[in-house]
Amino acid sequence: MGIAAATGYEGGVSRLRPLARVVAYRDCLSVLATRCVKVRYRRSVLGVGWSLLYPLTAMLVLTAVFSRVFTDLAHYPLYAIVGFLAWGFFSLSCIQAMDALIGGATVMRKVYVPAAVFPLSAVVANFVNLLLSIALLPLVVWLIGASPGFHIGWLVFALILLAMFTAGLSLALAALNLFFQDVRYFFDAGLLIWFYATPIVYPAEVIPEQYAALVWLNPLHWLIVVLRAPLYGGGAPPALAVGAAASVAVAALVVGWLIFSRLERRFHLYL
């Protein structure tokens with residue numbers, strides 16, 4: 001196969017701009033994402049119940065450890081699980097996106113498929129998993145006796161922003177990891193630090209004032225604040241959080257896409 005065919009710049013749809021090529025191959029994206037979801041629950045007794053089992057287990061552990069520390073937080077289990085769901089979607093999507101691009105090499109050598117379809121399919125599959133988890137969240141609310149209410153409009157808005165940010169970072173990481181596989185190891189190591197630097201298991205108010213700027217600079221903090229508002233608070237998020245979350249989501253998606261599309265021409269050298 002020639003270089004032009006391998007890079008996707010040979011005839012037909014492949015002459016379109018990168019984003020247009022992904023849109024043209026949306027059916028392929030859907031098939032790959034569906035396959036990821038089916039493989040995850042294949043031969044599983046609990047089925048989609050596994051989408052909530054891990055964050056539920058984490059919630060129980062965190063509640064046992066921290067509920068007596070953060071007594072000012074009403075219904076701490078719900079507070080913790082919402083943050084954990086957002087973190088799980090973000091971290092798994094980024095990791096699997098890097099693997100998906102490398103794993104798609106066999107397909108891309110045989111037929112033309114836009115490279116972005118592979119990392120994006122991992123994001124879409126994990127987004128479906130996130131939606132399934134949120135659908136089961138009322139069960140948690142009932143179990144802990146909470147009744148915060150839900151705001152569907154703000155929930156949809158928060159999920160879109162979280163998906164945009166995750167997709168942008170996943171594209172950038174997938175592309176960079178193809179050239180420098182140390183990226184994956186650095187990201188894995190950084191995830192642990194990022195997790196504890198993000199107010200997921202604790203409220204942002206407990207952070208000392210001298211370190212408060214680090215929270216403000218953490219994009220996931222704002223995204224989780226916007227997501228928690230409709231699920232935990234049952235209302236609208238603060239205006240500052242909405243503006244910050246929207247800004248980081250758009251910036252991540254644009255920058256991530258630009259990095260991916262710029263490097264895509266050289267993918268054939270490494271796939």
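Tabulated results
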quantity: Hey, residue 107 surrounded by fewer than 22 Cβ atoms within 10 Å (Cβ to Cβ), outside any loop (DSSP other than H, G, I, E, B) and at pLDDT 80 or above or not; calculated: yes
quantity: Residue ID - surrounded by the most Cβ atoms within 10 Å (Cβ to Cβ), chosen from residues in region 110-144 that are touching a Ser or Thr at 6+ places or on another chain (Cβ under 7 Å) and small (Gly, Ala, Ser); calculated: 122
quantity: Residue tally, condition acidic (Asp, Glu) and either in contact (Cβ under 8 Å) with a residue 60 or more places away in the chain or surrounded by 13 or more Cβ atoms within 10 Å (Cβ to Cβ) (or both), over region 179-209; calculated: 1
quantity: Considering residues of region 245-257 that are touching a Leu at 6+ places or on another chain (Cβ under 9 Å) and not β-branched (Val, Ile, Thr) only, the residue surrounded by the most Cβ atoms within 10 Å (Cβ to Cβ); calculated: 245
quantity: Some residue of region 243-258 being within 30 Å of residue 80 (Cα to Cα), part of a helix (DSSP H, G or I) and over 18 Å from the mean Cα position of the chain (by Cα); calculated: yes
quantity: Among (1) assigned to a helix (DSSP H, G or I); (2) surrounded by 18 or more Cβ atoms within 10 Å (Cβ to Cβ); (3) in contact with a Leu (Cβ under 7 Å, 6 or more places away or on another chain), the one test that residue 155 misses; calculated: (2)
quantity: Residues satisfying the stated conditions in region 77-88, i.e. surrounded by 24 or more Cβ atoms within 10 Å (Cβ to Cβ) and aromatic (Phe, Trp, Tyr); calculated: 79
quantity: Region 111-136 residues that are more than 15 Å from residue 159 (Cβ to Cβ), paired with ones that are assigned to a loop (DSSP other than H, G, I, E, B) (beta carbon under 6 Å, 6 or more apart); calculated: 112/8; 114/25; 117/25; 118/104
quantity: Given (1) touching a residue at least 40 places away in the same chain (Cβ under 8 Å); (2) in a helix (DSSP H, G or I), index of the condition residue 212 fails; calculated: (1)
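The values are calculated or read from the model by the stated rules, or taken from the named source; none is laboratory data. Just so we're clear, the structure is a prediction, and the values are computed from it rather than from any experiment. Every residue, glycine among them, receives a Cβ derived from its backbone with ideal geometry; neighbour counts consider all protein chains shown.
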